[in-house]
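Structure record follows, encoded as structure tokens.
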Amino acid sequence: MARRSPALFAWLLCGTLDIVYAAVSSVVQGGTVSSMLHAVASGPFGDDARAWGIGGDIAGLATHYAIMGAMVATWFFVARRWTALTTWPWWLTGTIYGLILYVIMNGIVLPLRFGSPFPPNDLVKGAIALFPHIFFVGWPLAWLTRKDAR
């Protein structure tokens, strides 16, 4: 599948890595996977999505993969037009892209929708939120693109 459709493979891989990280992180922090998915669904669907039961879980998962689809599609769009993304070291371009995604999500999207402060009040939580953007999205995308470009 990776050779036929690298973007589809990247979308499924990055989306799954990121949502598993979010699920584990939610449970470790004392929450539930369902409440995390409802919170994701509440972004586009409003706070009522938190009470949707399994429908909120499905909406949250769909929202997550839709956002990931946009992140992956943007990477592939730019990588096919700007060769530096495939010739520079994958760890560097992946880190830069992860940082960009973090700033967009935490500096624009979440403050506009939920009023979250940016930079975050708790810098440790901010660094923890940065981790999946780099390691589960930026790095796999950069590595897969570099491998695909050969």
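The values are calculated or read from the model by the stated rules, or taken from the named source; none is laboratory data. Small disclaimer: the values here were computed from a predicted structure and weren't measured. We place every Cβ from the backbone using ideal geometry, glycine too, and count neighbours over all the protein chains shown. The area values use the complete protein model at the heavy-atom level, side chains included, leaving out ligands, DNA and RNA. Shrake-Rupley method; radii C 1.70, N 1.55, O 1.52, S 1.80 Å.
Listing for the model above:
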item: Charge dipole of region 1-80 about the Cα centre (unit charges at C-beta), most positive-ward option of Gly43, Phe77, Cys14; result: Phe77
item: Computed E for Asn121/Val28 - FRET, C-beta separation, R0 22 angstrom, nearest 0.05; result: 0.60
item: Arg50 paired with Ala84, simple spin-label distance in nm, labels 7 Å along Cα-to-beta-carbon; result: 4.2 nm
item: Once the Cα gyration tensor of region 106-150 is diagonalised, semi-axes √(5λ) in Å; result: 29, 12, 6
item: Highest-fluctuation residue, Ile134, Ile54, Ile96 considered, GNM on the chain with Cα pairs under 10 Å; result: Ile54
item: Theoretical ellipticity at 222 nm over the chain - DSSP helices of four or more residues, -39500 (n - 2.57) apiece, nearest 500; result: -23000 deg cm²/dmol
item: Chain lengthening between Leu61 and Phe77 when straightened (0.36 nm per residue, less Cα-Cα); result: 3.4 nm
item: Degrees between helix 54-79 axis and first principal axis of the chain (Cα, 0 to 90, nearest 10); result: 20 degrees
item: Rounded tilt (10° steps) of 33-45 against the dominant C-alpha axis of the chain; result: 80 degrees
item: Accessible surface of region 65-137, 1.4 Å probe, proportion on carbon and sulfur as whole %; result: 76 percent
item: Folded to 0 to 90 degrees: helix 123-132 orientation relative to the chain principal axis, Cα; result: 50 degrees
item: Square roots of 5 times each gyration tensor eigenvalue, C-alpha, the chain, largest first, Å; result: 28, 18, 13
item: Accessible area per residue, Å², the chain with all protein chains present, probe 1.4 Å; result: 58 Å²
